[in-house]
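Report on one structure; see the data block that follows.
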Amino acid sequence: MKKSWIIITLLASSMAAQAQRCITVYDPERNEPVRDALVWVDHKEAEASTILGEAFIPERFDTLHISATGYVSLAIPASLTADSIPLMQDYNNIGEIVVYGVYRNKQLTESVKRWTKEARKEFELRNPIRGINFSMADTVDPRLRRIKKQTKKLEKIFKRMDAEGTDPIIQAYRKALGKNSQTGYSK
């Protein structure tokens, strides 16, 4: 009898230690659950929300942190945590930023040229030519000839744009910076 009481108390204490609570993360604008929202409890990752927006968190904690792509991240104290938590969409979020710039240091361009020459020599030493690489199918295939022609044509266009400075990306960059930044700019 004593053994059974000990086992029951141990089981009850282990269940109390692992008491969990289910929360639902949803988007109030679309009225849909948010899938794969990351849920942290006291800076320890608990889990990601399911397809139904459900996540299990411990019963006792200090701060609940929720973040999902495209939504504003939240930090909620335990006293204000409800069973359903709305996430607002972040419309000002920029997914990807591309920075294009020109480094004017002559030493950098010389170093890059030297590195490419060294890499080419090293590649030739590691992969020597052992015979002639020729395929009759490549010479007869009209699609491959058309692709080679288009590639050569595009290479000429890009070289001309680089020489003339008419690259649309560079022009947009200069336009965005304004006329004051163009003074002193050298290619």
So, of the residues in the range 48-69 that are in a loop (DSSP other than H, G, I, E, B) and open to solvent by 30 Å² or more (accessible area, probe 1.4 Å), which turns out to be nearest to residue 28 (Cα to Cα)? 52
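For the subset of the range 70-88 comprising residues that are within 12 Å of residue 37 (Cβ to Cβ) and in contact with an Asp or Glu (Cβ under 8 Å, 6 or more places away or on another chain), which member is modelled with the lowest pLDDT?
As a first pass, look at the range 70-88 and keep what is within 12 Å of residue 37 (Cβ to Cβ): 70-74, 85-87.
Next, only the ones that are in contact with an Asp or Glu (Cβ under 8 Å, 6 or more places away or on another chain) stay: 70-72, 86-87.
Working: 70: 84, 71: 88, 72: 88, 86: 93, 87: 91.
The qualifying residue modelled with the lowest pLDDT is 70.
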What are the pairs, 6+ residues apart or on separate chains, where a residue within the range 25-51 that is of a type in the set (S, T, N, Q) has its Cβ under 7 Å from a residue that is surrounded by 15 or more Cβ atoms within 10 Å (Cβ to Cβ) and not in a loop (DSSP other than H, G, I, E, B)? 49/25; 49/39; 49/55
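Return the only residue of 91, 103 being open to solvent by 70 Å² or more (accessible area, probe 1.4 Å), at pLDDT below 75 and either closer than 30 Å to residue 162 by Cα or not in a helix (DSSP H, G or I) (or both).
On the way: 91 fails: at pLDDT below 75.
After ruling out the rest, the residue left standing is 103.
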Residues within the range 132-173 that are touching a helix residue (DSSP H, G or I) at 6+ places or on another chain (Cβ under 6 Å), open to solvent by less than 70 Å² (accessible area, probe 1.4 Å) and part of a helix (DSSP H, G or I), tallied: 1
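The values are calculated or read from the model by the stated rules, or taken from the named source; none is laboratory data. Small disclaimer: the values here were computed from a predicted structure and weren't measured. Backbone-built Cβ (ideal geometry, glycine too); neighbour counts: all protein chains shown. With ligands, DNA and RNA removed, areas are computed over all heavy atoms of the protein, side chains included. Shrake-Rupley method; radii C 1.70, N 1.55, O 1.52, S 1.80 Å.
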